[in-house]
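Below is one structure, written out as structure tokens; the observations come after it.
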Amino acid sequence: MARALLEKGVRTAVIVTLGERGAMIVRRKGDDETVEQSTTDVNDDDDSNHETIMISEPADLPHQALPVVDAVGAGDAFCGALAAYLSRGVKLEQASSMACGVASMSVRKRGAQESYPLAQDLPECLQLDNKQQSSDGEESERRGTITFVTGNKNKLLEVQRLISSDQGKSVPFDLTNAKLDLPELQGSPEEIAREKCKTAANLLQSAVMTEDTSLCFHALNGLPGAYIKWFLDGLGHDGLNKMLQGFDDNRAYAQTIIAFSPGPGKEVHLFDGRTEGRIVPPRGSLDFGWDPIFEPLEEECESGDIDKGNTYAEMTKDDKNKISHRSKSFEKFRHFLATSSGEILKGMNA
Ligand SMILES: O=c1[nH]c(=O)c2ncn([C@@H]3O[C@H](COP(=O)(O)OP(=O)(O)OP(=O)(O)O)[C@@H](O)[C@H]3O)c2[nH]1
Ligand SMILES: [Mg+2]
């Protein structure tokens, strides 16, 4: 349906609201918000001409814990809020995420109009544009939104957990999520991360963060590294263990590289976090990738003051976050956001 509407001449994008799952933006590949209608011949059965961007509300809105009581008026709340944000110059993806946030407030009250929040009742991160307009150049008041582009729900959950445990060290940025599977070039983890982040910033025309995780075996000079996803899919936990048979070194490190760009064509900043461990037969919950075969070294556990001898999959999520590759990289990123926020906000608005 969205593709048919685009074919009939919708100029920018079709947005489909998806209830509690947020919303979806469908547009022609290569279009940004200002591009005139494409002349591409669109084939309804072939998705190669379109891109779909999944949008969710900003993480950690204060009302999220409240029960949903009535969905009447939620679509109108979304449309009204979207129009308001767009009219203030907020980009489509960010405006859609914020509009999901407003609609999710409306379903927590009964009725239609009575359920819409007043501007002054909106939480800080949904008031972004008011702040920007009223602050008149005063940077300390301004906030920016960064879109975490990932197709991996477990990564998103861990980063959301890191952010919510970050209260008190807060930075003037809100995080939203776009679920996109981006092409990943071959190369070193740094090269892959840099190119993926550039692609995401161009595609979304906004400030983005991406993250790439590698699992690097010392005995294999760092392989499978960034290609661990395909090795894990192809060989499973047992196969990964077998790859080390014949070596007397089962050590490996997990590495996350967060890449951040304030916008299309802007500099990409990389933040590297590593945790040293051993590859062992699988133990613990099977929720997340290779967690069951990665046992962090004793020194890593000591540094986080957690029990030794467990795989990531046997730890609580909070314990994993105390020592994980992801949390180390995230901590560097958070420090960068905290110490360079003025410059970054300028770059985002330039
Ligand atoms: O057990 C795990 N514990 C972790 O902490 C962890 N972090 C990432 N992964 C997995 O390692 C591969 C990296 O690939 P990756 O960085 O390209 O991710 P992805 O393609 O799934 O998502 P994204 O690229 O859309 O963000 C994928 O198989 C991920 O599922 C992990 N597995
Ligand atoms: Mg990937």
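The values are calculated or read from the model by the stated rules, or taken from the named source; none is laboratory data. This is a predicted model, so every value here is computed, not measured. Virtual Cβ from ideal backbone geometry, glycine too; neighbours counted across all protein chains shown.
Table for the structure above
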item: Filter pass, Q127 being surrounded by 15 or more Cβ atoms within 10 Å (Cβ to Cβ), at pLDDT below 90 and among the polar types (S, T, N, Q); result: yes
item: Residue in segment 139-147 that is more than 16 Å from ligand 2 (Cβ to nearest atom), at pLDDT below 90 and farther than 27 Å from S104 by Cα present; result: yes
item: Enumeration of residues in segment 51-87 that are closer than 28 Å to E158 by Cα and not in a loop (DSSP other than H, G, I, E, B); result: E51, T52, I53, M54, I55, P62, H63, Q64, A65, F78
item: Candidates I257, I279, I306, filtered to the one that is within 16 Å of ligand 2 (Cβ to nearest atom) and β-branched (V, I, T); result: I257
item: Unique match (being under 17 Å from M24 (Cα atoms) and not hydroxyl-bearing (S, T, Y)) among L92, L61; result: L92
item: Single match in F217, F173 (criterion: more than 14 Å from ligand 2 (Cβ to nearest atom), within 18 Å of I344 (Cβ to Cβ) and touching a helix residue (DSSP H, G or I) at 6+ places or on another chain (Cβ under 9 Å)); result: F173
item: Criterion: among the aliphatic types (A, V, I, L, M) and over 13 Å from the mean Cα position of the chain (by Cα) - qualifying residue of A178, A193, A201, A207; result: A193
item: Hits in segment 183-218 (condition: of a type in the set (A, V, I, L, M), buried (at least 19 other Cβ atoms within 10 Å of the Cβ) and in a loop (DSSP other than H, G, I, E, B)); result: A207
item: Qualifying residue in segment 177-185 (condition: away from ligand 2 (no atom under 16 Å from the Cβ), at pLDDT below 95 and within 26 Å of Q94 (Cα to Cα)); result: no
item: Filter result (surrounded by 20 or more Cβ atoms within 10 Å (Cβ to Cβ) and of a type in the set (S, T, Y)) within segment 285-328; result: T311, Y312, S324, S327
